[in-house]
Amino acid sequence: MDKKVSSVIFWGAAWGITEATLGYVLHAFELRIGWLFWFPIAFFFLERVYHHIGSAGAVFYSAIIASVIKLVDLLLPTRIDLVINPAISILLEGLVVFAYLKVKEENKDHTGISFGQTLTISVGWRILYALYILLMPTSFFNLSPLKSLETLLRFFLLEGTVNSLIVYTYMKVKGVLSQKIVLGRLNLFANWVENNKVSRTSISIVTLILAIFCQWILG
């Protein structure tokens, strides 16, 4: 399997596993704090894809994989909006981060990310999500952040700002974090996967299968 393809699959599947397991924990303990994590987690995995491949396009492909993994829940007896909406959110997060990275590539901009840019990304995918909701049936609208002024402002102002702060902080301390045990070992493992043809093929596929299994069991 091609190195870039294996990396896209590996990171997209790892993102899917994280979403499934964290979602299960938050649901099991009835913790309504998922909004703190979903976009920062998405950005983390998208940034890892770009770090290892250096292609904006690869970022969106990983988002597609993570989104498709989420759609596994359609095989379970659950409300369709609880499956479709998160899957669309993943795609839109990937699309906006892709657009941001593509602009930087076109402008040959190698500077770091600013808080204004993280805020633009965080709010940007939410604007696209709001447009998506407006195109959906009324039942989707009534269960969305657009249902009232309070939830709308919370979605854009509070959640958008806090998420952008988390992402900005991560990018600022990324160099330090990369030396720590968890992220450091994850990077070493990812590098090993990429540099061993047989291993990267098998591990990428196994990670994808594991992600689908986790989503099916925990979703």
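Here's the picture: charge each Lys and Arg Cβ at +1 and each Asp and Glu Cβ at -1 in the chain, and of Leu119, Tyr132, Ser199 the one pushed furthest to the positive end of that dipole is Ser199. Ordering of 81-92, 22-33 by packing is 81-92, 22-33, highest average first (other Cβ atoms within 10 Å, averaged per residue).
Under 5 Å between amide hydrogens, built in the peptide plane, is the criterion, and for Ser144 it picks out nothing among residues at least 5 positions away or on other chains. Across the cross-link table entries Lys3/Lys108; Lys70/Lys108; Lys4/Lys147; Lys147/Lys174, which are compared at the Cα atoms, the separations over 31 Å belong to Lys70/Lys108; Lys4/Lys147; Lys147/Lys174. Among Thr151, Thr111, Thr118, the ranking by other beta carbons within 10 Å of each residue's beta carbon, starting with the fewest, stands as Thr111, Thr151, Thr118. Look at where the Cα atoms of segment 205-219 and of segment 82-113 average out, and the two centres are 24 Å apart. Of Trp11, Trp216, the sequence from fewest to most neighbouring Cβ atoms within 10 angstrom is Trp216, Trp11. Distance between the modelled labels on Ile64 and Leu152, one decimal in nanometres: 3.4 nm (7 Å Cα→Cβ projection).
With Kirkwood radius over Cα pairs in Å as the read-out, I listed [x] 19.4; [y] 18.0; [z] 18.7; which label goes with the value calculated from this structure? Among [x] 19.4; [y] 18.0; [z] 18.7, the one derived from this structure is [y].
Placing R0 at 45 angstrom, the Cβ-Cβ distance between Asn142 and Lys102 gives a FRET efficiency of 0.80 after rounding to 0.05. When His110, His52 are arranged by Cβ crowding within 10 Å, least crowded first, meaning fewest neighbours, the order is His110, His52.
A short reminder: the numbers here are calculations on the coordinates, not readings from a lab. Note that the structure is a prediction, hence the values are computed from the model and not measured. Here the Cβ is made from the backbone with ideal geometry for all residues, glycine too, and neighbour counts use every protein chain on show.
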